[in-house]
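Engineer: Quick one: structure below, then a few questions.
Every read-out reported here was derived from the displayed coordinates using simple, explicitly stated rules and does not represent laboratory data. Note that the structure is predicted; figures quoted are calculated from it, not measured. Cβ placement follows ideal geometry from the backbone for every residue including glycine, while neighbour counts extend to all protein chains displayed.
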Amino acid sequence: MADSHDHVPMMERACELFNTEEVEMVIHAGDYIAPFSLRALNRHLRCPYFGVFGNNDGERLGLQKASEGRLHPSPMEFAEGGWQILVAHEMPILEAVQASGRYRLVVYGHTHIPEVKRVGETLAVNPGECGGWLYGHCTAAIGHLDTLEAEIVDL
């Protein structure tokens, strides 16, 4: 998920979706906005989550405290199941990152436009805007590392 922009009801709806689909981990690609919005993830989500800060996340200390240390500067790399994953809010060099073959999954936000794009063994996913403030279309994405597939879902 990405770009939730304080839209708590949509964040709660995303949590319901992730719980129903038995998602194992949620990645948020930034722009939560205020620390209170993380209550939706903390209270409703049944799996771990982590994320990166976005360009609109000004109260980073409060967000970090509310997330219990789960938020990181963008970009952030980590390994899951032996695969390298890159999470960033802004991804201006997506084509180069995908062409490098270094990452199995790239999750990014910022544009508010949902996109799933596979290049070789790298899957890039922009889940769109959870908050729906810019385009009025609230979305998230569900991905599967084992099959290297993802789908955009309406909230």
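Engineer: List the residue pairs whose Cβ atoms are under 9 Å apart, where the first residue sits in region 35-54 and is touching a residue at least 12 places away in the same chain (Cβ under 8 Å) and farther than 16 Å from V23 by Cβ, the second is of a type in the set (V, I, T) and assigned to a loop (DSSP other than H, G, I, E, B), and the two are 6 or more positions apart or on different chains.
Structural biologist: G54/I33
Engineer: On the basis of being β-branched (V, I, T) and either surrounded by 21 or more Cβ atoms within 10 Å (Cβ to Cβ) or touching an Asp or Glu at 6+ places or on another chain (Cβ under 8 Å) (or both), does I85 make the cut?
Structural biologist: yes
Engineer: Another question, if that's okay. Tell me, please, whether a residue that is in contact (Cβ under 8 Å) with a residue 60 or more places away in the chain, surrounded by 16 or more Cβ atoms within 10 Å (Cβ to Cβ) and either aliphatic (A, V, I, L, M) or on the phi < 0 side of the Ramachandran plot (or both) can be found in region 111-127.
Structural biologist: So far as region 111-127 goes, yes, one or more of its residues are in contact (Cβ under 8 Å) with a residue 60 or more places away in the chain, surrounded by 16 or more Cβ atoms within 10 Å (Cβ to Cβ) and either aliphatic (A, V, I, L, M) or on the phi < 0 side of the Ramachandran plot (or both).
Engineer: Just checking, does region 66-78 include any residue being closer than 23 Å to L145 by Cα, within 13 Å of the chain's Cα centre (by Cα) and crowded, with 21+ Cβ neighbours inside 10 Å?
Structural biologist: Yes: one or more hits.
Engineer: Taking region 1-59, which residues are surrounded by fewer than 19 Cβ atoms within 10 Å (Cβ to Cβ), under 24 Å from L105 (Cβ atoms) and aromatic (F, W, Y)?
Structural biologist: F50
Engineer: Check G136 against each of (1) out of contact with any Ser or Thr (no Cβ under 7 Å at 6 or more places or on another chain); (2) under 22 Å from E80 (Cβ atoms); (3) surrounded by fewer than 21 Cβ atoms within 10 Å (Cβ to Cβ) and name the one condition it does not meet.
Structural biologist: Exception for G136: condition (2).
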